[in-house]
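Q: First the structure, then my questions, so here it is.
The values are calculated or read from the model by the stated rules, or taken from the named source; none is laboratory data. Keep in mind it's a predicted model, so treat the numbers as computed, not measured. In this analysis, Cβ positions are derived from the backbone assuming ideal geometry, glycine residues included, and neighbour counts consider all displayed protein chains.
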Amino acid sequence: MSADCIFCRIINRELDADVVYSDDQVVAFKDINPAAPVHILIVPRKHIPSLLDMEKEDEMLIGHLHMVANELARAFKIDKRGYRIVINCGPDAGQIVFHLHLHLLGGRPLLQTIAKGKEV
Ligand code: DGP
């Protein structure tokens, strides 16, 4: 838990979010600024600032985030047509929230790379 982290505050229910999945390791909620019809953020409860900060002990957790992404892709019916997972790492990638998260995007053709909600 990091007191000034917006995702930690959502995880601890201090801030509202449209939560679509939760377990003992992960919380997933809809992105406030969706870049696609389905845009869900899959967030570990553990505060890891970015992918670069993951440790050996986090390997299973990072795998679990992807399992949850698959489950949500099926639940939101984007599994057949396809979807994209994005992890922004650091300023040049457009990371604005420094709590590791997967973006799950789908529901329309995603033609090129998505950065900060725009296609570039
Ligand atoms: P990134 O650039 O990878 O750090 O993306 C952070 C995403 O988090 C961005 O798409 C907008 C989303 N976001 C930021 N603040 C909030 C919030 O308070 N609630 C929700 N639901 N999403 C947020």
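Q: All but one of (1) free of Cβ contacts under 8 Å to residues at least 24 places away in the same chain; (2) under 19 Å from residue 29 (Cβ atoms); (3) in contact with a helix residue (DSSP H, G or I) (Cβ under 8 Å, 6 or more places away or on another chain) hold for residue 79, so report the exception by its number.
A: With (1) free of Cβ contacts under 8 Å to residues at least 24 places away in the same chain; (2) under 19 Å from residue 29 (Cβ atoms); (3) in contact with a helix residue (DSSP H, G or I) (Cβ under 8 Å, 6 or more places away or on another chain) applied to residue 79, the lone miss is (2).
Q: Restricting the search to segment 1-34, which residues are of a type in the set (Gly, Ala, Ser) and at pLDDT 95 or above?
A: Within segment 1-34, 17, 22, 28 qualify.
Q: Output the residues belonging to segment 92-112 that are within 10 Å of the ligand (Cβ to nearest atom) and in a helix (DSSP H, G or I).
A: Answer for segment 92-112, where residues must be within 10 Å of the ligand (Cβ to nearest atom) and in a helix (DSSP H, G or I): just 93.
Q: Then there's this: So which of 72, 52, 65 ends up being surrounded by 17 or more Cβ atoms within 10 Å (Cβ to Cβ) and closer than 22 Å to residue 2 by Cβ?
A: The unique qualifying residue is 65.
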